[in-house]
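Since the structure comes first, as structure tokens, the remarks are kept for the end.
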Amino acid sequence: MPPASSIPSPLSTDADARFDVVPLPAFNDNYIWMLVPRSPSADLSAWPAVEVAPGVQRPVGITVVDPGQAAPVMAYLDANNAYLSAILLTHHHADHVGGVPELLVFAEQQVQEGQAPSVPPVYGPVGEDIATVTHPVSGGTVVETVSPRAHFTVIDVPGHTRAHIAYFMAGASASADGAAPPPADGAGTAPASIDQNQPPRVFCGDTLFATGCGRLFEGTPAQMLASLDRLAALPDATLVHCAHEYTLSNIRFARAADPENADLSAWSEQAEALRAAGRPTVPTTLALERRVNPFLRADAPAIAPQLRAAMAGQAHGAVSEGPMSRLAAFTQLRAWKDRF
Ligand SMILES: [Zn+2]
């Protein structure tokens, strides 16, 4: 965790972007991602046609992802003259949805005080039981947020939970060749013109982590592998906004599994330096994850000897020397991480 005094820094990579994406630390190691417009003007369409007195700054609408805790979000809204414009949820775990009821009460109060135009819609997976969700969504749905104005294609990524979803914002990649990258599950494509000053971003909850992946609580290894494949099919430049700061412990495991990986050694040094400076290690990019994340390369020949040794340490009988399928390798790697 960064020290309590550290202010989350905006992470936009483009000076022309109209909003920033800020990680708000929560609990011990969660990040609540906040999409924060750079000016209230981006937000005008959200408001009824009411005049604001000269010199009075109109509150700005923020979109929040997985607010497991209300207090840090409310403190941020208070400190930044802001209200919640939309809430996006990836899965039902309490550290991702637990703050929503209190935030909705807070939002209602802001509406009554004229500090917000309306109570925010709550998007969440159609296949999970989350009482506060007003807009159930699943793979292929395009979610359009008003403030900041952005489009997200929902991707089904079951495995950590049975109906976990991710939100992919195509950003500039949508307009580069006139179309978004092939989305999972026959998803529609977001209009190209809206997010073009943004890099592509994916808000993936507890599915893909920096240098790791989520535990399998409700899904099978085959489901998780397919989910990771869907995420890995996104463009190289996609920023991976995972929901936890697990990177250093993930790197310790990755180095045990993949000890000769030079990219991983270099990333390890960078990540150590970031944490030593009290800074988040996320978002990373998919390009980096493809090189250093053992769960995106479970069947790499460089990983096989360490994986077989770890399996031999567990097996009561002999470990077969035959070739391992990609799914078998992923299954064994995830099991090894669980006991690492
Ligand atoms: Zn979770």
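Some values worked out for this structure:
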item: Pairwise label distance in nanometres, ASP299 with ALA233, each label 7 Å out on the Cα-Cβ vector; result: 1.6
item: For a label point 7 Å along the Cα-to-beta-carbon line of ARG339, residues of segment 281-307 with backbone N under 17 Å; result: 306-307
item: Length added when fully stretched, LEU327-ALA94, from 0.36 nm per residue minus Cα-Cα; result: 80.9 nm
item: Other-chain or far-sequence residues with amide H under 5 Å of LEU84's (modelled H); result: ILE62
item: Distance (nanometres) between label positions extended 7 Å along Cα→Cβ at GLU218 and ASP29; result: 2.2
item: Extension gain from THR134 to ALA262, taking 0.36 nm per residue of separation minus the Cα-Cα distance; result: 41.5 nm
item: Inter-site label distance for ARG38 and GLN109 at 7 Å from Cα along Cβ, in nm; result: 3.3
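Only the coordinates and a few stated rules stand behind these numbers; no lab work does. No experiment lies behind these values; they were computed from the predicted model shown. For neighbour counting, all protein chains shown are included, and Cβ atoms are generated from backbone atoms with ideal geometry for every residue, glycine included.
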